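Single-structure report; data block below.
The values are calculated or read from the model by the stated rules, or taken from the named source; none is laboratory data. Fair warning: this is a prediction, and the values are worked out from it, not measured in the lab. Note that we place each Cβ from the backbone using ideal geometry, even for glycine, and neighbour counts take in every protein chain shown. Side chains included, ligands, DNA and RNA excluded: accessible areas come from the protein's heavy atoms. Shrake-Rupley method; radii C 1.70, N 1.55, O 1.52, S 1.80 Å.
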Amino acid sequence: MPLVKFIKENKEIDVPHGSNLRKEAMKAGINVHQGVNGFGATVNQYVNCHGIGQCGTCRVKIVKGMENASKMGVIEK
């Protein structure tokens, strides 16, 4: 099972292969809607695209382990 480290939150979670990272992060209590430099984080929890890849508030930067991620979809590109 891949181990995902959230640097800003100082938290590590095991994510089952093939699962949705956004959903797993939210289950672990990670606020995936930080906004720009934290601005708008509270509002973004309620006003967001709910994971369809349109608003960009839950985007992540993979720095290691890209082989564990699925290929980017059309909307992600």
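Figures for the structure shown
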{"quantity": "Residue satisfying all of: in region 13-26; in contact with a strand residue (DSSP E or B) (Cβ under 9 Å, 6 or more places away or on another chain) and within 15 Å of ILE62 (Cβ to Cβ); most open to solvent (accessible area, probe 1.4 Å) among these", "calculated": "LEU21"}
{"quantity": "Every residue from region 35-67 that is among the polar types (S, T, N, Q), at pLDDT 80 or above and surrounded by 11 or more Cβ atoms within 10 Å (Cβ to Cβ)", "calculated": "ASN48"}
{"quantity": "For GLU24: the one exception among (1) in contact with a Lys or Arg (Cβ under 8 Å, 6 or more places away or on another chain); (2) in contact (Cβ under 8 Å) with a residue 12 or more places away in the chain; (3) not in a loop (DSSP other than H, G, I, E, B)", "calculated": "(1)"}
